[in-house]
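The values are calculated or read from the model by the stated rules, or taken from the named source; none is laboratory data. Keep in mind it's a predicted model, so treat the numbers as computed, not measured. So basically every Cβ, Gly included, is an ideal-geometry build from the backbone, and we count neighbours across all protein chains shown. Ligands, DNA and RNA are excluded from the accessible area calculation, which covers all protein heavy atoms including side chains. Shrake-Rupley method; radii C 1.70, N 1.55, O 1.52, S 1.80 Å.
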Amino acid sequence: MNHHSMKQKILDIVLAAAHRALEAGALRSSDFPPFEIEEPKLVQFGDFSTNFAMAAASVQKKAPRKIAEAIVKYMDDPGGILQRTEIAGPGFINFFIRPDAWYPVLKTVYDQGSAYGARDLGNGRKVQVEFVSANPTGPLHVGHGRGAVVGDTVANLLSFCGYDVQKEYYINDSGRQIRTLGLSVYLRYKELFGQEVNFPADCYQGDYIRDIAADIRNRNQADLLKMKEEDAVSWAARYAAADILEGIRDDLKSFGVGFDNWFSEQSLYDRGRVEAAMGELLSRKILYEHDGALWFKTSEYGDEKDRVVVRTNGITTYFASDIAYHLDKFDRGFERVIDVWGADHHGYIPRMKAAVAAAGRRKEQFDVILVHLVNLLRAGEPVAMSTRSGEFVTLREVVNEVGKDAARFIFLTRHYESPLDFDLEVAKQKTNDNPVFYVQYVHARISSIQRNAAERSDLPQGAWDQQSLMLLQAPEEIQLIKALARYPDVVQSAASLLEPHRITFYLMDLAALFHAYYNKHRVLTEDSMLSQSRLYLVTAVRKVMRNGLSLLGVSAPEKM
RNA sequence: GCGCCUGUAGCUCAGUUGGAUAGAGCAACGGACUUCUAAUCCGUAGGUCGCACGUUCGAAUCGUGCCGGGCGCGCCA
């Protein structure tokens, strides 16, 4: 299988030319600097261009244009893919590809099918993506949804590119907020029995707390009133956390997000992992005692100050269990660990990186993806969102209203470090305002063409026929094939930069090219040969669309 | 005050990890449906890439300073 990308072929041609030029004495140094093969923004500059000459100028001690001339002079084109080359501007070499040289791309798309676009970056290495990890103290809201899609899609991308990926949800089921949850439920429970209670402001205010309390009463799960308050609170806490977690699991499921592992914070304590981690760090003198507390020397690893891991009262901080948790991740054999956090936690990154570094892991082994907030709007007006008052819009409500596909896609229409306006009305619109349908519509349209083609006996679907493909001469057709050829590069950069929005933008581009083509040229005509070639082309477009949408976890409808 | 993020068309945002004359969508204006799905397309107009220096063949992109916006700075989670 020799599916070299066009870009790679150009790179080979340039390098070979450089070597020949060197042998012939037209270049001085065998030291070729790194250079780029890129796709120029303007069509007049060809299909590809290279900055080799400019990049090499200082080493070769020659004017860039002279170097470019030498490269062009000694250039060989064994595959016969070049129509012409030219030297332009300060020393760019522009390459114009013969239209028929693009056709094999279509065959590659067919041959590789659902694997088209995948580059093996991971080589089977184990990577873990941890995301959402919302406290089980209330339902997921829209912001969690964004993190969920980003994490899920990053995991899809890495898995597609040869990593062995595990998706994990970290459950904060120990500590104070869980106790507060228990207390909240307990107090609501007492209210149900007509008792006067003073419901504190720092308890969870949402109605779901009342629902849980009612649930406990109605199903006669336990008689909390007969228990000692302390026992009742902890019983309520466990019950409520499990119940809420079940809801979170369901919400995520209907959002298309599933996890391979649900990891309990409490289990770290139960298995003595926190204690063990602290002990190890203490013996390595990375922890030290000061003012009656235990401190981590994070400042020696780039943090601005040291951090407390065990308080004066003997209780560990959240940081302590987080250290243990991350050490545990690496102990489980993951070579690479990726955390997806809300942007409000960004101040936490230096100390977490410090902890990972102190554990002897390399910088590249740990990444944090910071997902910025979502502004929920309805027809341009902000929707009130306050967790404290309990008046927030849940992820479930959003998914129920606009659908899984629209929600997922829209969450990925921005770089995750950019705040996102999510307008519920726009998400439902079936117009160009809403990119989901714009992209899905391509898939539906092509599916429709295929259904029509199936009625005709003169159109074998999916057959490679070089002769008929030669009929694909329109600029729009070549543009489409070029876009398909670009897809593997897009996937690679999305995966290596952990930037799923690149797939989204690519699909919108491809969709625009297709819709333009569709409006200008008819696929199925009286001309069998031409129809066959165009059918071959649009079927390839459909395959790539499908691949891209599946990475995003968005469906590819046959009809709309 | 310190740190992180951010500033690109009226609005919302891309920008191939330093490339050539800065790109979409929306909004505005003007067009295209007896043809495979008009949930579409075509055209026009729209810019001091926050500002100023610097780095170099070349900067929206890198560096420094300033201005504006968001967030974070607990022995909380």
Please tell me which of these pairs span more than 28 angstrom C-alpha to C-alpha: A:Lys7/A:Lys107; A:Lys41/A:Lys428; A:Lys167/A:Lys297?
-> A:Lys41/A:Lys428; A:Lys167/A:Lys297
Among the lysines, which fall within straight-line cross-link reach of A:Lys190, defined as a Cα-Cα distance under 30 Å, with same-chain neighbours fewer than 8 residues apart omitted?
-> A:Lys226, A:Lys228
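State, as an integer percentage, the relative contact order of segment A:176-246 based on alpha-carbon contacts under 8 Å between residues 6 or more apart.
On the way: 67 pairs, mean separation 34.7, N = 71.
Taking the mean separation of contacting Cα pairs over the length of segment A:176-246, I get 49 percent.
Using the beta-carbon distance between A:Met227 and A:Asn400 and R0 = 60 Å, what value does 1/(1 + (r/R0)^6) give for FRET efficiency, to the nearest 0.05?
0.95
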Neighbour cut-off at most 13 other Cβ (10 Å), DSSP loop, GluC sites (Glu not before Pro), segment A:136-221 = A:Glu196
With a 1.4 Å probe and every protein chain left in place, work out the accessible area per residue of segment A:283-324 in Å², rounded to a whole number.
-> 56 Å²
What is the helix-to-structure angle for A:207-218, meaning the angle in degrees between its Cα long axis and the longest Cα principal axis of chain A, kept from 0 to 90 and rounded to the nearest 10?
-> 60 degrees
Return the aspartates and glutamates within reach of A:Lys126: Cα separation strictly under 18 angstrom, same-chain partners fewer than 8 residues apart disregarded; answer none if there are no such residues.
-> A:Asp152, A:Asp164, A:Glu168, A:Asp260, A:Asp328, A:Asp331, A:Glu335, A:Asp339, A:Glu364, A:Asp367
If you take the Cα atoms of segment A:6-97, find Rg, then find the Kirkwood Rh from the mean of 1/r over all pairs, what is Rg/Rh?
-> 0.93
DSSP bridge pairs, chain A: antiparallel proportion in percent, nearest 5 = 50 percent
Roughly speaking, what is the centre-to-centre gap between segment A:499-560 and segment A:40-117 when only Cα atoms are used, to the nearest Å?
-> 26 Å
In the neighbourhood of A:Lys329 defined by beta carbon distances under 12 Å, the net charge of the other residues (Lys, Arg +1; Asp, Glu -1) is -2
Phi-derived 3J(HN,Hα) across segment A:318-327 with the Karplus relation (6.51, -1.76, 1.60, θ = phi - 60°), rounded Hz, x for Gly and Pro, is 4, 4, 4, 6, 5, 4, 4, 4, 6, 5
For A:Val368, residues with placed amide H under 5 Å, excluding near neighbours = A:Asp339
Taking a straight Cα-to-Cα line shorter than 22 Å from A:Lys430, and setting aside same-chain lysines fewer than 8 residues away, one finds A:Lys404, A:Lys559
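Within segment A:441-483, which trypsin sites (Lys or Arg not before Pro) sit in a loop by DSSP and count at most 14 neighbouring Cβ atoms inside 10 Å?
Numbers: sites: A:Arg445, A:Arg451, A:Arg456, A:Lys482; in loops: A:Arg456.
Of the trypsin sites (Lys or Arg not before Pro), the ones in loops of segment A:441-483 whose Cβ has at most 14 other Cβ atoms within 10 Å are A:Arg456.
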Between A:Asn261 and A:Arg219, with labels modelled 7 Å along Cα→Cβ, what's the label distance in nm to one decimal, could you check?
-> 2.9 nm
Rounded to the nearest Å, the spacing of the alpha-carbon centers of segment A:276-324 and segment A:328-351 is 17 Å
Between A:Val309 and residues 5 or more places away or on another chain, the pairs with built amide H atoms under 5 Å apart involve A:Leu294, A:Trp295, A:Phe296
Which residues make up the longest stretch of chain A that has no chymotrypsin sites (Phe, Trp or Tyr not before Pro) in a DSSP loop with at most 14 other Cβ atoms within 10 Å?
-> A:194-463
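Which loop-located trypsin sites (Lys or Arg not before Pro) does segment A:323-387 contain, where loop means any DSSP state but H, G, I, E or B and the Cβ has at most 10 other Cβ atoms within 10 Å? Mind dumping the intermediate values first?
Values: sites: A:Lys329, A:Arg332, A:Arg336, A:Arg351, A:Lys353, A:Arg361, A:Arg362, A:Lys363, A:Arg378; in loops: A:Arg332, A:Arg361, A:Arg362.
Those satisfying the criteria are A:Arg362.
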Sequence-separation-based contact order of segment A:6-97, relative, with Cα cut under 8 Å and 6+ spacing, percent | 30 percent
Scan around A:Arg336 for amide H atoms under 5 Å from its own, H built in the peptide plane at 1.01 Å from N, and keep only partners 5 or more places away or cross-chain.
-> A:Gln128
For chain A the mean separation of alpha carbon contacts under 8 Å (6+ apart) over residue count, i.e. relative contact order in percent, is 15 percent
Whole-Hz Karplus couplings 3J(HN,Hα) for segment A:404-409, θ = phi - 60° and coefficients 6.51, -1.76, 1.60, Gly and Pro as x, run 5, 4, 4, 4, 4, 4
Residue-ordered couplings for segment A:502-508, obtained by feeding phi - 60° into the Karplus form 6.51 cos²θ - 1.76 cosθ + 1.60 and rounding to whole Hz (Gly and Pro as x), are 5, 5, 4, 5, 4, 5, 5
Contour excess over end-to-end distance, with Cα ends at A:Gln44 and A:Trp464 and 0.36 nm allotted per residue = 148.1 nm
According to the square roots a ≥ b ≥ c of the eigenvalues of the Cα gyration tensor, what is the shape class of segment A:130-190, taking rounded for a/c under 1.5, prolate for a/b larger than b/c otherwise, and oblate for the remainder?
-> prolate
Counting Lys and Arg as +1 and Asp and Glu as -1, each charge on the Cβ, what is the dipole of chain A about the Cα centre in debye, to the nearest 20?
-> 1060 debye
